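J.: Could you have a look at this structure, given as structure tokens, before my questions?
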Amino acid sequence: MHQVKLEKKRQHEKDILSEMINIYCKGHGHEELCKDCTELKAYALDRIERCPEMATKSFCSVCDIQCYAPEQREKIRDVMRYSGRRYFLVHPLQTIAHGWTTLRSRQRQISQAKKK
């Protein structure tokens, strides 16, 4: 993947993740990011920055390499579960595009597994 396109994709993923953590934290009564959400956001953004599969993967949830520590992986899942439905109200087209991309990625994984 071309370097500029790769960096654009990386930044897009960071922006979405940041927005979802913001939605989660505000939804739990915080005006600004709390300490836990700030730490989770820093951790997740670092994972995105260091992702060795950025050029080929769609999203972390469908990636073969799970680079999140178990505790942070569970926390980010909680954020995604909570924020996903609410994100749709703020960014409906991005949410639909994300769902479509995730579905295609999962279908690719299934077809590759059948070939093995």
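Each value in this text was obtained by applying a stated rule to the coordinates, not by laboratory testing. Because the structure is a prediction, the values reported are computed rather than measured. A quick note on method: Cβ atoms are made from the backbone with ideal geometry, for glycine too, and the neighbour counts reach across all protein chains shown.
J.: Would you pick out the residues in the stretch 35-55 that are in contact with a Cys (Cβ under 9 Å, 6 or more places away or on another chain) and surrounded by fewer than 15 Cβ atoms within 10 Å (Cβ to Cβ)?
T.: Asp36, Thr38, Arg50, Pro52, Glu53, listed by residue number.
J.: Step by step: first the residues of the stretch 38-93, then only those that are free of Cβ contacts under 8 Å to residues at least 60 places away in the same chain and of a type in the set (Ser, Thr, Tyr), then the one that is nearest to Tyr24 (Cα to Cα). Which residue is that?
T.: Tyr82
J.: Could you list all residues from the stretch 69-101 that are over 19 Å from His12 (Cβ atoms) and either touching a Pro at 6+ places or on another chain (Cβ under 8 Å) or not charged (D, E, K, R) (or both)?
T.: Ala69, Pro70, Gln72, Tyr82, Leu89
J.: For the subset of the stretch 68-80 comprising residues that are under 14 Å from Leu17 (Cβ atoms) and of a type outside the set (Asp, Glu), which member is surrounded by the fewest Cβ atoms within 10 Å (Cβ to Cβ)?
T.: Arg77
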